[in-house]
1. What are the pairs with Cβ atoms under 7 angstrom where one residue, in segment B:159-176, is closer than 24 Å to B:V83 by Cβ and the other, located anywhere, is open to solvent by 60 Å² or more (accessible area, probe 1.4 Å)? Sequence gap at least six, or different chains.
2. Just checking, how many residues over segment A:30-79 are over 30 Å from B:E124 (Cα atoms) and at the interface with chain B (Cβ under 9 Å from one of its Cβ atoms)?
3. Considering A:E45, A:E85, A:E35, which residue is among the charged types (D, E, K, R) and either without any contact (Cβ under 8 Å) to a residue 60 or more places away in the chain or not assigned by TED's automatic domain parsing to the domain that holds A:H134 (or both)?
4. Restricting attention to segment A:174-190, which residues are open to solvent by 100 Å² or more (accessible area, probe 1.4 Å), closer than 23 Å to A:K69 by Cβ and in a strand (DSSP E or B)?
5. State all residues of segment B:151-169 that are assigned to a helix (DSSP H, G or I), out of contact with any Phe, Trp or Tyr (no Cβ under 6 Å at 6 or more places or on another chain) and open to solvent by less than 30 Å² (accessible area, probe 1.4 Å); if no residue qualifies, say none.
6. Test of understanding: among B:K204, B:K193, which residue is touching a residue at least 12 places away in the same chain (Cβ under 8 Å) and open to solvent by 70 Å² or more (accessible area, probe 1.4 Å)?
7. Of the conditions (1) modelled with pLDDT of 95 or more; (2) surrounded by 15 or more Cβ atoms within 10 Å (Cβ to Cβ); (3) over 25 Å from the mean Cα position of the chain (by Cα), A:E45 clears all except one; give me its number.
8. What's the number of the only condition in (1) surrounded by 23 or more Cβ atoms within 10 Å (Cβ to Cβ); (2) among the hydroxyl-bearing types (S, T, Y); (3) over 20 Å from B:F62 (Cβ atoms) that A:S60 fails to meet?
Number of protein chains: 2
Amino acid sequence: MDQRLLKELKETYHLVFHNEALLEQAFTHSSYVNEHRYLQLSDNERLEFLGDAVLELLVSQFLYRNFPKVPEGKLTKLRAAIVCEDSLSKFAKECHFDQYVLLGKGEEHSGGRTRPALLCDLFEAFLGALYLDHDLVAVDQFLAKVVFPKIIAGAFSHEMDHKTRLQEVLQRSGDVAIEYQLLREEGPAHERKFWTEVSCNGEKIGEGYGKSKKLAEQAAAANALRRLEK
Amino acid sequence: MDQRLLKELKETYHLVFHNEALLEQAFTHSSYVNEHRYLQLSDNERLEFLGDAVLELLVSQFLYRNFPKVPEGKLTKLRAAIVCEDSLSKFAKECHFDQYVLLGKGEEHSGGRTRPALLCDLFEAFLGALYLDHDLVAVDQFLAKVVFPKIIAGAFSHEMDHKTRLQEVLQRSGDVAIEYQLLREEGPAHERKFWTEVSCNGEKIGEGYGKSKKLAEQAAAANALRRLEK
């Protein structure tokens, strides 16, 4: 077991595994097992199977609780953007998991250590091991450090339209009245332009224009979000 | 709230909801909400989003624990066969959930009450409501009555090959030695036939034949499974 991994888990995430063999298994890629058959190791694939489902539940629960007004279809899109190879491989790297995974020589030489699919599986396997060694709450707390702040910061919110996102941001601390008002429209019919402003509890917070009322409202919401995030 | 549903949940599954509104929401289809806008109801879609992930985790955990020797790829196939529209709609019917779901008139007339996709969503929404109202353990106990016995009985095991399935059945109560022995082969090369027997701890438990050694072993395992299940 790599002592640097144990140290990093303890210092950064306050995590100490009771059963270090589980942690070791999570960091053992099948290519390493195949090259060291005499050691009779287990690879991390079954842990990944379990961890994948643990992650899916905890992200779903987080979205369900934190986006109380967002309909199911949008939650599903948002979840898919979070629980995907691209995102998970980045989380694995941020945790430096890529430094500790045991690979076979072939996998190592072909760049396995930076391969998104491998890092994504590694991240899920780690969550599976943590779930078995601790419980669901421990995995939730880990994700609250690594994944959830990024969701709140809007890293995946390109999956939401601006109006939905603005509503979520403003309603986080309670119900507010959000209104869109058409200010003016001008130009000939084939080049019509609409100006809209958005207000929150009567106070103007953004404005925008577009080729339709809908697009103008989206632009106003985007403008309000940019101002809020300053 | 349909009192028959409350009665059935209590008598059959020993379940009493603290928050009946959650249960009611789980049984409210969007078509009903759309036809009764003045009631300002919430449909079951967000609960389905959550319940889907709860189910995925609990089935994964069950498979992980009960099939300790089955590799990840086969677990994933098995999970997909359990957590699918066809299976879940059947579970919903077995629980009589189809009798209690609130539908709009259009949905009712077009046969929504028997539509697998609708029943599947209903089953997941119920699990989501149970998770929120109780906890993960309560959902696990419910699945232990409705879903898990069918997995153990082999209802989804067509997803596993016979040799894997036999191994699982025999190793459930501890490690055993399973051996396949080629008894004889005969016939011309293009019509070769192989006879194989399978033994467990030295005792013959099945036999079979096929066009290749592999197929003969699968046939022997299937034969052993049939004998064991008698």
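1. The qualifying pairs are B:E159/B:K77; B:M160/B:K74; B:T164/B:K74; B:Q167/B:K69; B:E168/B:K69; B:V169/B:L228.
2. Number satisfying all stated conditions: 1.
3. Residue meeting the stated conditions: A:E85.
4. Across segment A:174-190, the qualifying residues are A:E179, A:Q181.
5. B:I151, B:S157, B:T164, B:R165, B:L166
6. Only one candidate passes the filter, namely B:K193.
7. Among (1) modelled with pLDDT of 95 or more; (2) surrounded by 15 or more Cβ atoms within 10 Å (Cβ to Cβ); (3) over 25 Å from the mean Cα position of the chain (by Cα), A:E45 violates only (3).
8. Here A:S60 clears every test but (3).
The values are calculated or read from the model by the stated rules, or taken from the named source; none is laboratory data. Given the structure is predicted, the values throughout are model-derived calculations rather than measurements. Methodologically, a virtual Cβ is constructed for each residue, glycine included, from the backbone with ideal geometry; neighbour enumeration extends over all protein chains shown. These area figures cover heavy atoms from the full protein model, side chains too; ligands, DNA and RNA do not enter into them. Shrake-Rupley method; radii C 1.70, N 1.55, O 1.52, S 1.80 Å.
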